[in-house]
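Take a look at the structure set out below.
The values are calculated or read from the model by the stated rules, or taken from the named source; none is laboratory data. Predicted, not measured: the structure shown is a model, and the values here were computed from it. Methodologically, a virtual Cβ is constructed for each residue, glycine included, from the backbone with ideal geometry; neighbour enumeration extends over all protein chains shown. Remember, those area values only see protein heavy atoms, side chains included, never the ligands or the DNA or RNA. Shrake-Rupley method; radii C 1.70, N 1.55, O 1.52, S 1.80 Å.
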Amino acid sequence: SFRTYIKEAIKINKKIGHQFWLGINYANLGYINLIEDQYDSSFHYYRKAEALFLELNNTPKLAVTYTSISAYYSEISDEEMSLAYASKAIEIAEKGHLKQYIFEAAQRLHTIYISIRDSSNAYKYSLKEFQTKDSLNIENSITKLSKLELLYEHEKLIQEEKNIRQKQVFFYIIIGTILLFVLVLWIVVLFNRRRLEKIERQKLEVEIDLKN
């Protein structure tokens with residue numbers, strides 16, 4: 001199962017001292033426990049992930065972890081703590097200009113404010129959520145266009161190389177054909193010369209015989 005795989009990954013990452021991946025493993029275990037309603041275990045692993053990302057000063061992963069902890073608090077109906085962690089998440093994400101994580105934290109805040117019936121803030125974060133989503137969509141579209149341009153240039157280069165190779169092959173075929181024609185012509189000329197020389201010798205022999 002996925003849980004078993006993550007626990008094996010934790011053993012390996014502990015052994016080799018890979019703190020970043022260990023933090024991700026803990027965060028994943030936190031999520032698995034959350035969706036299985038094992039709230040104490042979920043919180044335990046989220047806090048382990050948080051501690052590692054704080055130690056590593058990894059703000060993107062810290063923002064994600066705080067958003068996840070916010071979701072945990074919403075699941076146990078503690079909207080005050082959920083709001084506190086979502087606010088931390090969006091603050092970190094905005095400082096780092098991390099649009100994907102701003103979007104996720106804004107989505108969380110939008111949901112929290114709806115649940116506590118704060119329509120003003122719910123609207124505020126709904127607006128931020130959709131603005132960030134639009135910005136991400138534009139960036140993704142630009143990225144896709146850039147990839148398509150690179151693909152087009154790559155295919156164009158391949159086609160040009162293919163055309164060059166085809167021209168080279170055609171050139172070698174023409175040169176080969178010309179050389180073959182010259183060789184055949186030389187053989188024909190040589191054959192005719194020898195045939196004429198033979199005829200001349202035969203005529204000379206006949207003349208000599210007649211004189212004798």
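Labels on offer are (1) 11.8; (2) 14.6; (3) 24.1, and the one holding mean projected area of the Cα convex hull in nm² computed from this structure is (3). For the range 1-65, the share of accessible area belonging to carbon and sulfur comes to 56 percent (1.4 Å probe, ligands and nucleic acids excluded). Roughly how many Å is it from the Cα centre of the range 182-201 to that of the range 104-130, as a whole number? First find each Cα centre; the distance between them is then 100 Å.
From the alpha carbon gyration tensor of the range 1-117, can you work out the equivalent ellipsoid semi-axes (sqrt of 5 times each eigenvalue) and give them in Å, largest to smallest?
Working: eigenvalues 120, 61, 19 Å².
Computed over the range 1-117, the values are 25, 18, 10 Å.
The residues of the chain present an accessible area of 72 Å² per residue when probed at 1.4 Å with all protein chains retained.
Charge dipole (Cα centre; +1 on Lys/Arg Cβ, -1 on Asp/Glu Cβ; no other charges) of the chain amounts to roughly 1220 debye. Taking the longest Cα principal axis of the chain as reference, the axis of helix 59-75 is set at about 50 degrees. A Förster radius of 35 Å combined with the Cβ-Cβ distance from residue 99 to residue 119 puts the calculated FRET efficiency at roughly 0.85.
In the structure displayed, which of 15/61; 48/88; 11/133 lie more than 27 Å apart, Cα to Cα? Over 27 Å Cα-Cα: 11/133. How far is helix 39-56 tilted off the main Cα axis of the chain, in degrees rounded to 10, range 0 to 90? The angle comes out at about 60 degrees.
A crude spin-label estimate for the pair residue 193 and residue 164, with each label 7 Å from Cα along the Cβ direction, gives 4.3 nm.
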